[in-house]
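Below is one structure, written out as structure tokens; the observations come after it.
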Amino acid sequence: MKAEIIAVGSELLTPDHIDTNSLFITQKLNELGFEVHLKTVVGDNQDAIAGVLHSALGRSHLIIFSGGLGPTEDDRTRAAVAGALRRRIRVEPAILEALRRKFASRGYPMPQINERQAEVIEGAEVLDNSVGTAPGMWLEQNGVYIVLLPGPPREMRAIFETQVLPRARRLGKGRRLVTQSFHVTGMTESEVDSRVAPIYATFPSVRTTILATPAHIALRLYQWVEEGGEPSDLQELSARIQEELGDAIFTATGESLEEVVGQLLRRSGQTLAVAESCTSGIIGMRVTRVPGSSDYFLGGVLCYSNALKRLFCGIPADLLAKHGAVSAEVAEALARGVRERVGSSIGLSVTGIAGPGGGSQEKPVGLVYVGLSDRGRTIHLRRIVPGDRDTMRERTAYFALSRLRKFLLEQPAVRPTSGK
């Protein structure tokens, strides 16, 4: 069955807001066997909303609106849908009373404007909103099902999971969408595609997409499977891709790069300290986003100036004078120095030119050196990282974590398990 999502809100047509509701709804519907074949974003214009609905009625089995059910003048989804379906709107006394109780429980009277949220389209089933004030609605029109959901993600998800999913599950029997994702590091998008394209081209029943992110390359496989069937083509393709890309795949089960690095550190019983110059704490922030990271992360140094490189990491002044702060020699010295000063098993360092100024022909903007040190080896890696200042810094942090992962994998005791 074909499903369609209509996101309502003029703010979604600006660069300041992202429609995350559609991503959640798409995932849930795919799991039920619906093919989401169209998504539309429409502003707070009643005629425009009605026009999109008129078109959707002729091409989709399930139409889901998100947004435009609030109490203000620009919340027009309810009126637009009622007008397009030629149905009346009525005030539901039970909803109105429930709204008043909700406001009273918070210690203040309900503004009159919120009475609009008790309006229900004729023939609709009311979908109770347990975490907010705007109830949803479920309607049928000539065999097409229409769902109205509030825009705030917390409210939308609560209604969808408790009340829309059971109803949609009864409609979506038949096919289901099976997916598999691989997150790849240390390779470009074109490199990944050149390696795997000859493989996935032999599996026409599996849809493949490759997406470049600042952190990694995401390779996603999709196969529609009939009820009771098995995704055998997807499984075989997945196995062949894993064999081809090897440990360039850092996860096949959705972990972040910092989670995988943490697993390797914990498994090997090693600890980490970082010395960050151009990334100024981004690496430490990402490592410590993982719960339990205190088991293996001892801390870090933000050694932005040469003075702090000398003070905190023991970098000799003559080394800085001879090679410059952005150099292979200083990157190695920083990694070794922070490891020795902090007492960690491994030291990781980053130094580079984030721009937009400060570059030269010899050392252009985007030049980065990553240093890694343990008791047996100290190495560096050089990379030119593209992008503006913020993008370059984010990409550099991920590059450093990627190289740390490879550094760890070269130790026999922490070879990866399947998928990591």
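Just so you know, all these numbers are worked out from the coordinates, no wet-lab data involved. All of these numbers come straight from a predicted model, not from anything done at the bench. Don't worry about glycine lacking a Cβ; one is built from the backbone with ideal geometry, like all the others, and counts go over all protein chains shown.
A straight chain from Arg195 to Glu125 at 0.36 nm per residue would run longer than the Cα-Cα distance by 20.1 nm. Label the range 2-171 by shape, choosing from rounded, prolate and oblate, from the square roots a ≥ b ≥ c of the eigenvalues of the Cα gyration tensor; if a/c is under 1.5 it is rounded, and otherwise prolate applies when a/b is larger than b/c, oblate when it is not. Verdict is rounded for the range 2-171.
The lysine pair count for the chain, using Cα distances under 23 Å and pairs eight or more places apart or on different chains, is 10. For a label point 7 Å from the Cα of Lys2 along Cα→C-beta, name the residues of the range 13-36 whose backbone N is under 13 Å from it. In the range 13-36, the label zone of Lys2 (backbone N under 13 Å from the point 7 Å along Cα→Cβ) covers 35-36.
Neighbours of Leu237 by Cβ distance under 12 Å: Lys/Arg scored +1, Asp/Glu scored -1, total -1. For Pro214, neighbours were defined as the other residues whose beta-carbon sits under 9 Å from its Cβ, and their charges (Lys and Arg +1, Asp and Glu -1) total 0. With a simple spin-label model that places each label point 7 Å from the Cα along the Cα-to-Cβ direction, the separation between Gln112 and Thr20 comes to 3.7 nm. Among Glu227, Glu362, Glu73, the residue with the largest mean-square fluctuation in a Gaussian network model of the chain, with springs joining Cα atoms closer than 10 Å, is Glu362. Oblate is the label for the range 1-75, because the ratio a/c of its alpha-carbon gyration tensor axes (a ≥ b ≥ c) is 1.5 or higher and a/b is not greater than b/c. Multiply the residue separation of Thr179 and Arg267 by 0.36 nm, subtract the distance between their alpha-carbon atoms, and state the gained length in nm to one decimal. Gain in length upon complete extension: 28.8 nm. Taking the DSSP beta bridges with both ends in the range 257-414, the antiparallel portion is around 55 percent.
Among Ile95, Ile159, Ile379, the ranking by other beta carbons within 10 Å of each residue's beta carbon, starting with the fewest, stands as Ile379, Ile95, Ile159. Here Met1, Met137 are placed in order of increasing Cβ neighbour count within 10 Å, fewest first, which gives Met1, Met137.
In this label model, His54 and Arg220 are separated by 3.3 nm, measuring between points 7 Å along each Cα→Cβ vector. Extension gain for Glu140 to Glu243 (0.36 nm times residue separation, less C-alpha to C-alpha distance): 32.2 nm.
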